[in-house]
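No lab work stands behind these numbers, since they all come straight from the coordinates. As the structure is a computational prediction, the values presented were derived from the model and not from experiment. Every residue, glycine among them, receives a Cβ derived from its backbone with ideal geometry; neighbour counts consider all protein chains shown.
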Amino acid sequence: MKYSFYPGCSMEATAQANLKSIEAVASALDIQLEEIPDWNCCGATVVSGVVGDFIQQVMTGRNLAIAEPKGQDVVVGCSSCYLSLAVTNKRFKEDEHFRALANQALAEGGLKYDGTLRVRQFLEVVINDVGFDKVARRVKRPLKGLKVAGYVGCQTVRAIPYEFDDPEYPVLMDRLMEALGATATEFPMKARCCGSSQTIPATDIVIDCARKIFDSAAAGGAQVIVTPCPMCQLNLDAYQQRVNQLHGTSFNMPVLFFTQLMAIAFDLAPDAQALKYNIVSPYEALATYGASK
Amino acid sequence: MEKKIAVYICTGCGIGDALDVDALSNVALKEYKADICKTDAFLCGKDGVAVIKNDIENEGVNTVVVAGCSSRVNADVFNFGPNVIVERANLREQVIWCHPADDEDTQMLAEDYIRMALVKQKNMNLPEPYQVENLSKTIMVVGGGFTGLTAALESAKAGYRTVLVEKEDKLGGYVGKMYKQVPLKPPFTDLEENCIPGLVKAVEEAGVKVYTSATIAKTAGGPGMFDVTINQNGGTVEERVGAIVLATGARPYDASKLAHLGFGQYENVITQSAFEEMVAAGNMEAGKVAFIQCAGSRDQEHLPYCSAACCVESIKQALYVKEKNPEANVYVYYKDIRSNGQYEHFYKKAQQAGVIFIKGDVTAITESDGQLAIEADDKTMGTTSEADEFDLVVLANGMVPTAAFGEMIEEEAEEEAAAAADEPKVVGPTIIKSNMLNLEYRQGPELPELKYGFPDSHYICFPYETRRTGIYAAGVVRAPMDMLSAMEDAAGAALKAVQCVEATAKGEAVHPRSGDMSFPEFNMNRCTQCKRCTEECPFGAINEDEKANPLPNPTRCRRCGTCMGACPERIISFKNYSVPMIGNMVKAIEVPEELDEKPRILVFACENDAMPALDMAGINRLQYNPWVRIIPVRCLGSLNLVWINDAMAKGFDGVLLMGCKHGDDYQCHFMKGSELAEIRLSKISETLNRLGLESERVRATTVNIMDYDKIPAMLDEFAEELEELGPNPMKDFQ
Amino acid sequence: MEQNNKPVKYDLTFAREIYSLENGSYIKQCMQCGMCAISCATREIMDYSPRQLFNLIKLGKKDEVLQANTMWHCTSCCTCKARCPRGVPLVDVMHDLKKYAIENGYADYPQAAFYKAFWSEVAGRGKVFEGGVTGRYYLIRGLDEVKKAMDMKDVGINMLKHGRLPLLPPKKVKGMGNLKKIIRKAQELQRKEAR
Ligand code: SF4
Ligand code: SF4
Ligand code: SF4
């Protein structure tokens, strides 16, 4: 299974754990990821707000244009990048007028995109192309008894609603956790917003959202939270202590990329598990499952 | 017909394990002298049915009692043709599924049901279908507007001779005068060309006989044999038709009553239909237009109901303005936009075209220099608002059914008898003399109204059915509606009419007792001309001669039995349903003596809702009181008070009537059956008390089909209350 | 909202301008059902819910709309967009409103500064670098904001300690020259389209 791979900016900074665990899990499952050469920023949810959708989508389109000759599905590891790429791709496919204009701009860089690719998320590829059975067979150290709150977040399921799971109450990541041997807990806030990029300009929003999410995860009895989204991971991990300070709570809930937990269950090397990047220490909660420094 | 009776007891579905089947056979053979009694482990299976068929063919059996599942299931399996009487004893849903197995009381219950079934079939005969001489299958449509034309076309396309009567000199009605029409096809976003010319042509090509400038002077007879006198150009024509579709439409609400919205005061405040004419004539020049919704509708001072079409029509008219000038400013003031169903797309289209929708009540309309200004409470902003420089204000002035115009028929002066006895009186339905059908019906010349002048009956369960069999209302005369619904209505009513003529030709009843071939027979020499049956028949089936003798019209009859319950002389009966039949079933039930401490409660349950609910209680294995014995009735309206006498005399400790909800949101399939039963009950409470029998022993309750889970508590509570009263003192007089 | 008794007058000039933005015409089809408002993660701290904002646009309340924090508090969680029964792509509409507000000098919100900083990073480097965005953000916002940031410094230090805040930016996009050309052309086309 070969794919083009779009890592996105955060993988080189705040979400290195995401990149490392994705790469390791992919190779353990025979998924070949070929990084799109010289990719550029997708603009996240921000750039449109300054220069408009058109320019952001042209910029994002550059990545798809570079990938198109290979014809492989484009796999994205970040929810926010996925939102940009998937929506842009849809527009290229469905809106002829847009496609013509955008290609005029891309031509300045000697590029052209015909809208022939599929843009997908790594989570979805694991679920649909690999499948729960194959994942379960690859597990070396089942996560028996581990209670996991699957925090899917927003854009994973709502960038293109119903594309791969229920946008209101997604369940597929929970099934994946069960394939690893873990128990997925009841978690009503699993698709609620974490505050996203308000981290910098309006931290209060993030603290407030995070608090509600922790409450919900704790009420379901979760020991750890997993997520596919770098922004969610960062907000819930880095601001957990802050939530505790401001709200007098005492949450101590490690927040992992789902791929980190897969790396543990697959018994991959510590570098693949990439736990050292986690701010809320996951070692105690995962000690018995072979989490390693 | 000499009856040869065979009883088949099914021991499948757990019946054989829960009951002593030999004892049941003994009841059939020894007590009731059935000719044959067999048991089978799987009676509804191929072999089981073959056993019965064999006995019918080779043993001459013509009366079959199947003791097993409810009559609501396997009806087709146990149907042995028109010459074999089949009766079912419900040992499954109403015995073993809701009472403990291997139990003395359960066994007694099962035996009683066998007795009741045997008595019932002894008291019934095969119905002989009523045949109309000179039966007509012609469908007559009254009203040549959009709905009427569509109904006529549907009926003609279905292969029936169709007659269309229109009072104007031209077909087309209200829609015919429109500039364009709301969309009737996907994607439901675009204005469509007026469909009336095409429809008229299609109707003519389909061979529909059209009478224009025509009115109906008289409609006599009934389904299959309506004799209609049509006035046309000073002459008259007679048509015999089988069923009628009433599609006379509605009229716009009288705008002169809308002075508060500036109508009559300012020239540029006009009605929806005036705007339509203006656009059709090409005189619409306005660049800024406001539409005011619910002008008169949803207003207790005017029309309390929603007129249902005006929102969609205003959206259409707003698009006229935008079609002419995309830059025009168009505002729609509304309470709620009720663009039902597919018309949501049309609404969205108007928004996309730039029509501004404002949710708010208009508080004032003023004029200066020929331009109008509107003040309103903007509900979504929570503020008062104003807008001015309108060239035109269009009032969406709602609709009134054509059936609502005319004098209301007052109840006749009370008959002395009823007045003197101070009895509660059944209030008949309101009939408005709208001069549309001029029916020769004892209860009045037009269709009874349901509400606000609309001649509907039960709008959810029986669409298009009016309270006159064979006459179906469609379109805006039936209920306020938009064009798409009217189109559906037209087809629905036409098909109902077709069903009606076909059923009538076979001598069968129409919905809800479709297929029933029995009809009421009157033993006239004992009739006292009390008029109860002619007044209480919910469908006006019974006319009267000058001496007040009832003149039944079997094809109008729905077989509810209300007349049978009403008749104090008990002279009305059906071949397979009668006062003695039920009375004898009551008497067949074994009532233990007081010392045995086994009380008995009799339940009369309506077949339409209460019986299925009781079956569902069984299906859900809800256990209930074992003292209960249930007798199904066609409708509580058929309850004859003598049955209560019979039950009390027999020693029953209580009687419970289970019928449908009545009142404004009634669910009775025959309009007022359960209400009538309660009125009748109230008449005997005094008599009961006088006999030393507490009137609380007899009571009525309403059961909805979904109330099955409440049934055990209902019965237990009644049993407890009866226990407090103690046993029926009549027990010992047996 | 409008609590004084003076009636407001509908003025469609502003509405027409907003409706002509890239995704602006979708606003017209809002039916004021309120689904977006109850779905929104940050509704409680918004001046107006999306529904109200769209209504204000209809009323022609330019200042109220452009000064509102609504679009800036939108986190792009897409809940409203996924749920809107009228298919209004609210997240995209919010982008347009942000852009319009910045262009018309209504950019007082910290988010606006953050957005601009982010864009500068992307435009200059082709990729974003958190350190760079934050630096530019503080340059735009001024020193007050740095003080606030110091309150958060434990968060930052924690991130540093766990290797989450590299101090050196990633390499620029190699084809930066081409990317810039593409962007310039796109801007030119965008201006032409708007006309
Ligand atoms: S259809 Fe619309 S305008 Fe007409 S009464 Fe109903 S809500 Fe009012
Ligand atoms: S059975 Fe019902 S419908 Fe028929 S005549 Fe009697 S009351 Fe009327
Ligand atoms: S959910 Fe959509 S239609 Fe409803 S108020 Fe919000 S934007 Fe308008």
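Counting other Cβ atoms within 10 Å as a rough exposure proxy, the listed residues C:176, A:253 run C:176, A:253 from fewest neighbours to most. Placing pseudo-labels 7 Å out from each Cα toward the beta carbon at residue A:144 and residue C:63 gives an inter-label distance of 7.0 nm. With everything on Cα atoms, drop me the angle between helix A:16-28 and the longest principal axis of chain A, reported from 0 to 90° to the nearest 10. That works out to roughly 90 degrees.
Descending by average beta-carbon neighbour count within 10 Å, the peptides B:308-320, A:180-192 line up as B:308-320, A:180-192, the highest first.
Residues B:506, C:181, arranged from fewest to most other Cβ atoms within 10 angstrom of their Cβ, appear as B:506, C:181.
Temperature 25 °C, viscosity 0.890 mPa s: under these conditions the Stokes-Einstein estimate for chain B, based on its Kirkwood radius over C-alpha pairs, is 85 µm² per second.
Which log10 I(q)/I(0) values, to two decimals, does the protein assembly as shown give at q = 0.09 Å⁻¹ under the Debye formula with one point per Cα? Treating every Cα as an identical point scatterer, log10 I(q)/I(0) equals -1.11. Percent of Cα pairs in the range C:12-103 per distance bin of 10 Å, from zero to the largest separation: 19, 59, 22, 0. Computed on the range A:140-289, with alpha-carbon pairs under 8 angstrom and 6+ residues apart, the relative contact order is 26 percent. Working note: 222 nm ellipticity from helices only, DSSP H runs with n ≥ 4, each -39,500 (n - 2.57), summed and divided by the residues of chain B, gives -8500 deg cm²/dmol to the nearest 500. First obtain the Kirkwood hydrodynamic radius of the range B:170-261 from its Cα pairs, then insert it into the Stokes-Einstein equation at 25 °C and 0.890 mPa s, and state the resulting D in µm² per second as a whole number. Rounded to a whole number, D works out at 148 µm²/s. Counting Cβ atoms of other protein chains within 10 Å of each Cβ in B:336-345 and taking the mean gives 1. Label-to-label distance for residue B:405 and residue C:187 is 7.0 nm, based on points extended 7 Å past Cα in the beta-carbon direction.
Among beta bridges identified by DSSP and lying wholly in chain B, the antiparallel ones come to about 40 percent. All C-alpha pair distances within the range B:578-734, sorted into 5 Å bins from zero, spread as 2, 10, 19, 22, 22, 16, 7, 2, 0, 0 percent across the bins. Inter-chain Cβ neighbour count for B:354-363, averaged per residue, equals 3 (cutoff 10 Å, partner chain atoms only). Per-residue mean of foreign Cβ neighbours for A:96-105 is 3 (Cβ atoms of other chains, 10 Å radius).
Which residue, A:14, A:156, A:88, tops the fluctuation ranking in a GNM of chain A built on C-alpha contacts under 10 Å? For chain A, modelled as a Gaussian network with Cα springs under 10 Å, the answer is A:14.
Using the Cβ-Cβ distance between residue A:90 and residue B:435 with R0 = 60 Å, the FRET efficiency computed as 1/(1 + (r/R0)^6) comes to roughly 0.45.
Put in order of Cβ neighbour count within 10 Å, fewest first, the listed residues B:527, C:84 become B:527, C:84. Centre-to-centre, using Cα atoms only, the range B:247-294 and the range A:217-253 are separated by 62 Å.
Do the alpha carbons of any pairs in B:322/C:185; B:4/B:587; B:496/B:531; B:587/B:683; C:98/C:161; B:185/B:496 sit beyond 26 Å of each other, and which pairs?
Violating the 26 Å Cα-Cα cut-off are B:322/C:185; B:496/B:531; C:98/C:161.
How much length is gained if the chain between residue B:33 and residue B:587 is pulled fully straight, taking 0.36 nm per residue apart and subtracting their Cα-Cα distance, in nm to one decimal? Could the numbers behind the result be given before it?
On the way: separation 554, 0.36 × 554 = 199.44 nm, distance 1.73 nm.
That works out to 197.7 nm of additional length.
Under the simplified labelling scheme, the residue A:168-residue B:220 pair shows an inter-label distance of 6.2 nm, with each label point 7 Å from Cα along Cα→Cβ. Rounded to the nearest 10 degrees, the angle from helix B:673-690 to the longest Cα principal axis of chain B is 50 degrees.
Taking each of B:316/B:451; A:90/C:61; B:180/B:349; A:90/C:81 in turn, the alpha-carbon distance tops 24 angstrom for B:316/B:451; A:90/C:61.
The shape of chain A can be summarised by an equivalent ellipsoid whose semi-axes, obtained from the alpha carbon gyration tensor, come to 32, 22, 16 Å from longest to shortest.
Sparse packing (at most 12 other Cβ atoms within 10 Å of the Cβ) combined with a DSSP loop state is found for none of the GluC sites (Glu not before Pro) in the range B:438-539.
Between residue C:171 and residue A:34, how high is the FRET efficiency from 1/(1 + (r/R0)^6) when r is the Cβ-Cβ distance and R₀ = 30 Å? Nearest 0.05. Numbers along the way, then the final one.
Values: r = 19 Å, r/R0 = 0.63.
Result of the calculation: an efficiency of 0.95.
Mind running the shape call on the range B:254-397? Use the C-alpha gyration tensor, a ≥ b ≥ c as the square roots of the eigenvalues: rounded below 1.5 for a/c, prolate if a/b tops b/c, oblate otherwise. Rounded, because the longest to shortest axis ratio a/c is under 1.5.
Each Cα pair under 8 Å and six or more residues apart adds its sequence gap; the mean of these over the residue count of chain B is a relative contact order of 12 percent. Once a ≥ b ≥ c are taken as the square roots of the eigenvalues of the Cα gyration tensor of the range A:140-289, is the result rounded (a/c under 1.5), prolate (a/b larger than b/c) or oblate (a/b not larger than b/c)? Here the range A:140-289 falls in the oblate category.
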